[in-house]
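**Student:** Dropping a structure here in structure tokens format, bear with me for questions.
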Amino acid sequence: MNAVYLAQDPTLADFGKDPWWLVLIKVLFAFVVAVLATLLGVWFERRVVGRMAVRPGPNQAGPFGLLQTLADGLKMAFKEDILPRTADKVVFFFAPTISVICAVTALSVVPFGPMVSVFGHWTPLQVTDVPVAVLVLLACSSLGIYGIVLGGWASGSTYPLLGGLRSSAQMISYEVAMGLSIVAVFMTAGTMSTSGIVAAQGDATRLTVFGTEIPAPGWYAILLLPSFIIFFISTVGETNRAPFDLPEAESELVAGFMTEYSSLKFALFMLSEYVSMVTMSAVTTTLFLGGWRAPWPITLWEGANSGWWPLLWFFGKVLILVFVFIWLRGTLPRLRYDQFMRFGWKVLLPINLVWILVLSGLRSIEDWQTQDRLLATGIGAGVLLLATLFWPSKKKEPKRTLQEQVNSRPHGSFPLPPMDLVVPPSPRTKRVVAEREPANVTAGSDPREV
């Protein structure tokens, strides 16, 4: 009986019954995960990027350089805290804390495991869950941008302000694509509870092909592949990670919204970035990779999804996604800002809308007979193919001549030199060429030669 109960998926009825000390333990556990994620995440990123760049990375402080990030944290704590003269002191102080609080709060609705026994109390490995838990995750992700925007505005400087404005535009653009990609998860799972979504991925999907029932994977990363790809790309844009780190582009904005920050305030912004990266990896694992459930073939073992083992599978998946974040940073160059915005609005958004339309159509014909379902699917696929083939493309404008380009310039533009202007060669050029010209003298050609 205990083994069955240990493997049980938590439901909404299992929350809100824990004693106060158990709730405190769960909150501390989530906070410790966030802090350790920052310490180990910085070390992990420097080691992985160093490996990709064929250099060692930190390897002096502690075994494998593990204490290097701890030394960096102590160094930042003892650095001078500089406050710009034109800064809004109150907002400048609270802006980093907003980003950190929102990033850590999102971990409260992430399920780390099933029902377990903690000092004799049966409790889910999750701080809390609500019927709209995924909306809580989206809210925390959106509110975290306020810390960046307010930090850039309160600095009283040009570059931080530009970084904050970029961050707000970036959040608006990619939050839409992220929200639409989660709609497919809602439609398939039938719930917005994070524990319910993990439970829905636990049962293998049954596909009927020519009267034969075939079990298919239950992970939404496979069943809803377009949503998974779009969601992960949007999370990279939401967390300001390369190649989408436009708000802190050092080649354009020095350090973006963090330019005027130092000491512990700078450390808080860095903490929020790495916690957000780990949080969004955990959310991606929950929504698309089966959450804490073991992957195949580990599931062949009956006790794989019971007890404390699911913690190992969950953090293993999160670590793989964090590695992908770092892999992208070490591989792809930073996008130009107009390319970045165009990619969000003109590529991700239309693809997401078409995919949701197709998925909703497939869901609506699930109860039809096999022949009617195949006929409706074939007609829909044909219409989509014809629309793709005959969609009007933008005609390229004919290349204008130089004189036409000059005539089309608006009134009041800078003056241009004459198009037929011929610059005379410099006399020094002739002299230099003459000095460098080799002497072509044939032996014995001089009659005065003796």
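The values are calculated or read from the model by the stated rules, or taken from the named source; none is laboratory data. Keep in mind it's a predicted model, so treat the numbers as computed, not measured. Here the Cβ positions follow ideal geometry from the backbone for every residue, glycine too, while neighbour counts run over all protein chains shown. Ligands, DNA and RNA are excluded from the accessible area calculation, which covers all protein heavy atoms including side chains. Shrake-Rupley method; radii C 1.70, N 1.55, O 1.52, S 1.80 Å.
**Student:** Tell me, in nm to one decimal, what length is gained between MET187 and ARG85 on full extension, where the rule is 0.36 nm per residue of separation less the Cα-Cα distance?
**Tutor:** On the way: separation 102, 0.36 × 102 = 36.72 nm, distance 5.21 nm.
Roughly 31.5 nm would be gained on extension.
**Student:** How high is the FRET efficiency from VAL49 to LYS396, r the C-beta distance, R0 51 Å, rounded to 0.05?
**Tutor:** Working: r = 40 Å, r/R0 = 0.79.
Step by step, r from the Cβ atoms, then E = 0.80.
**Student:** Considering amide H positions built from the backbone, and no H for Pro or chain starts, which residues 5 or more places from GLY156, or on another chain, come under 5 Å of its amide H?
**Tutor:** Distant-sequence amide H within range of GLY156: ASP88.
**Student:** Within the chain, what is the number of lysine pairs with alpha carbons under 30 Å apart, leaving out pairs fewer than eight places apart on the same chain?
**Tutor:** Value for the chain: 13.
**Student:** Averaged over all directions, how much area does the convex hull of the C-alpha atoms of segment 52-157 cover when projected, in nm²?
**Tutor:** Taking a quarter of the hull surface, the average projection is 12.1 nm².
**Student:** What would the Debye equation give as log₁₀ I(q)/I(0) for the chain at q = 0.06, 0.07, 0.12 Å⁻¹, counting only Cα atoms as equal point scatterers?
**Tutor:** -0.39, -0.50, -1.13
**Student:** Under a crude label model (7 Å from the Cα following the beta-carbon direction), how far is SER142 from SER426 in nanometres?
**Tutor:** Roughly 6.2 nm, to one decimal.
**Student:** Now a separate question. Taking θ as phi - 60°, what are the ³J(HN,Hα) couplings along segment 312-319 by the Karplus curve (6.51, -1.76, 1.60), each to the nearest whole Hz, with x for Gly and Pro?
**Tutor:** Values per residue, Gly and Pro as x: 5, 5, 5, 6, x, 5, 4, 4 Hz.
**Student:** Express the accessible area of segment 274-365 per residue in Å², computed with a 1.4 Å probe while the remaining protein chains stay in the model. Write down the numbers at each step before the final one.
**Tutor:** Numbers: 4580 Å² over 92 residues.
The answer is 50 Å² per residue.
**Student:** Calculate one ³J(HN,Hα) per residue across segment 91-103 by plugging θ = phi - 60° into the Karplus curve 6.51 cos²θ - 1.76 cosθ + 1.60, and present them in order as whole Hz with x for glycine and proline.
**Tutor:** 5, 4, 7, 8, 4, x, 5, 4, 5, 5, 4, 5, 5
**Student:** Could you give the angle, 0 to 90 degrees to the nearest 10, between helix 349-364's Cα long axis and the longest principal axis of the Cα atoms of the chain?
**Tutor:** Around 30 degrees separate the two axes.
**Student:** Starting from the 7 Å offset along Cα-to-Cβ, what nm value, one decimal, do you get for the label separation of PHE94 and ALA381?
**Tutor:** The answer from the label model is 5.6 nm.
**Student:** Once fully extended, how much extra length lies between ARG363 and GLN339, figured as 0.36 nm per residue of separation less the alpha-carbon to alpha-carbon distance? Walk me through the numbers before you get to the answer.
**Tutor:** Details: separation 24, 0.36 × 24 = 8.64 nm, distance 3.46 nm.
5.2 nm is the gain from fully extending ARG363 to GLN339.
**Student:** Please turn the phi angles of segment 384-401 into ³J(HN,Hα) values with the Karplus equation 6.51 cos²θ - 1.76 cosθ + 1.60 (θ = phi - 60°), one per residue in order, whole Hz, x for glycine and proline.
**Tutor:** Once rounded to whole Hz, the list reads 5, 5, 5, 5, 5, 6, 9, 5, x, 9, 6, 6, 6, 6, x, 6, 7, 6.
**Student:** For the pair THR158 and THR331, how long in nm is the line joining their label points, each one 7 Å along Cα→Cβ?
**Tutor:** Spacing of the two 7 Å Cα→Cβ label points: 3.7 nm.
**Student:** Can you list residues from other chains, or at least 5 along the same chain, whose modelled amide H is less than 5 Å from the amide H of GLY113?
**Tutor:** So GLY113 has HN proximity to LEU125.
**Student:** Let me ask another. State which stretch of the chain is the longest one without any exposed trypsin sites (Lys or Arg not before Pro), exposure meaning a DSSP loop state and at most 16 other Cβ atoms within 10 Å. Don't skip to the end; give the middle numbers.
**Tutor:** On the way: sites that count: LYS17, LYS79, ARG85, ARG336, LYS394, LYS395, LYS396, LYS399, ARG400, ARG448.
The reported range is 86-335.
**Student:** Continuing with the same structure: What is the percent carbon and sulfur in the accessible area of segment 273-313, measuring with a 1.4 Å probe over the protein chains and ignoring ligands?
**Tutor:** On the way: 1110 of 1590 Å².
It is 70 percent, rounded to a whole number.
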